[in-house]
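Student: Quick one: structure below, then a few questions.
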Amino acid sequence: MASQAAIPVVVNGAGGKMGREVVKAVAAADDMSLVAAVDRSPDLQGQDIGELAGCGELEVPIVNDLQAALVLSTQERGTPVMVDFTHPDSVYDNVRTAIAYGVRPVVGTTGLSAEEIQDLAEFADKASTGAAIIPNFSIGMVLLQQAAVRASQYFDHVEILELHHNQKADAPSGTAIQTAQLLAELGKSYNPARVNETEKMPGARGTCTSEGIRIHSIRLPGLIAHQEVIFGAPGELYTLRHDTSDRACYMPGVLLTIRKVLPLKSLVYGLEKLL
Ligand SMILES: NC(=O)C1=CN([C@@H]2O[C@H](COP(=O)(O)OP(=O)(O)OC[C@H]3O[C@@H](n4cnc5c(N)ncnc54)[C@H](OP(=O)(O)O)[C@@H]3O)[C@@H](O)[C@H]2O)C=CC1
Ligand SMILES: O=C(O)C1=N[C@H](C(=O)O)C[C@H](O)C1
């Protein structure tokens, strides 16, 4: 029997904090082959991505031409995947470009609007191409969200607090938005008003979804990524908290998604749909 071809992987945003972790994880995976490393950062052009990521020379230089990298990946034997950890300002175009070339996008970049995600889902459907948009690749976060959904059956008052490093471009975090969406799926409204509240300084009470869920965002050096979902009821608080201390925590979810996106014919949103 012919051996299975390694999955050709393009990492977009390869020189960034998450991109470097993905490069190390893909390089260490027996069933994957890193075919291209793309990053727009001018300082990184031509550097070997393995050297930069700290896993030894991989003979894959960093380039800034995504389309050329995608074309290269389609010339390999297996179905190619593009992993995107770039920036909210370019992720939408990156995903459309990958799908147009028949490359499966696995997207960790946050900041896409609901309309953009819907549009990408329709584009993937038309192209019969699998795609995955995963606001959080950590298994621990999926478990937190499942516990929050269960708690929301019993609690009517909930607020979300997300805390991140101060290089993060988007707020609230993609994870906090997704968590609020999952709580909203129950079809109820939260936090019925008890008083006529006045914000003496705009933003003091965070942002509020149409279902009444408040989200608060903190940005500080020293943080990586953390989230609390706090439920309140008379006489009790129920707090769910997730902390990351190393970006390696996302890699089992990234590798799983690369493998699971291949047979899909449409777009999936959320790691819980692939577990
Ligand atoms: N889904 C998940 O589990 C996780 C998601 N994230 C998300 O991933 C994204 C990236 O995070 P992080 O790695 O911390 O960010 P970084 O800024 O560390 O890395 C992003 C890298 O991508 C480069 N880049 C930006 N735009 C482009 C582009 N259009 N084409 C090619 N390269 C580009 C940047 O270059 P330059 O600096 O020059 O702009 C930078 O080198 C964020 O949206 C973040 O929220 C982060 C952690 C987990
Ligand atoms: O920017 C980050 O770091 C993270 N971004 C994602 C988000 O916006 O939810 C996932 C995780 O929180 C880390």
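Student: Assigned to a helix (DSSP H, G or I), of a type in the set (D, E, K, R), more than 14 Å from the chain's Cα centre (by Cα) and in the same structural domain as N64 (by TED's automatic domain parsing) - does that describe any residue in region 98-116? Break it down into steps so the answer makes sense when it comes.
Tutor: Applying the first criterion (assigned to a helix (DSSP H, G or I)) to region 98-116 yields 98-100, 114-116.
Filter again for of a type in the set (D, E, K, R), leaving 115-116.
This time we only want the ones that are more than 14 Å from the chain's Cα centre (by Cα), so: 115-116.
Those still in the list that are in the same structural domain as N64 (by TED's automatic domain parsing) too: 115-116.
Yes: one or more hits.
Student: Only one residue in I139, I134, I99 is away from ligand 2 (no atom under 16 Å from the Cβ) and of a type in the set (V, I, T). Which one? Explain how you work it out, then say what you get.
Tutor: Values: I139 fails: away from ligand 2 (no atom under 16 Å from the Cβ); I134 fails: away from ligand 2 (no atom under 16 Å from the Cβ).
Of the residues listed, the single one that is away from ligand 2 (no atom under 16 Å from the Cβ) and of a type in the set (V, I, T) is I99.
Student: I've got another one for you. Out of the residues in region 152-168 that are surrounded by fewer than 16 Cβ atoms within 10 Å (Cβ to Cβ) and more than 16 Å from ligand 2 (Cβ to nearest atom), state the one that is nearest to the chain's Cα centre (by Cα).
Tutor: The selected residue is Q153.
Student: Among the residues of region 193-216, are any under 15 Å from the mean Cα position of the chain (by Cα) and not assigned by TED's automatic domain parsing to the domain that holds I99?
Tutor: The initial filter retains those residues of region 193-216 that are under 15 Å from the mean Cα position of the chain (by Cα), namely none.
Within region 193-216, not a single residue is under 15 Å from the mean Cα position of the chain (by Cα) and not assigned by TED's automatic domain parsing to the domain that holds I99.
Student: Please give the number of the condition F123 fails out of (1) aromatic (F, W, Y); (2) over 18 Å from L264 (Cα atoms); (3) more than 10 Å from ligand 1 (Cβ to nearest atom).
Tutor: So F123 meets the others, but not (2).
Student: Here is a follow-up. For region 117-143, which positions are in a loop (DSSP other than H, G, I, E, B) and surrounded by fewer than 20 Cβ atoms within 10 Å (Cβ to Cβ)? It would help to see each step written out before you state the result.
Tutor: First, pick out the residues of region 117-143 that are in a loop (DSSP other than H, G, I, E, B): 128-130, 134-138.
Result: S128, single match.
The values are calculated or read from the model by the stated rules, or taken from the named source; none is laboratory data. Predicted model, so just to flag it, every value in this text is computed and none were measured. Virtual Cβ from ideal backbone geometry, glycine too; neighbours counted across all protein chains shown.
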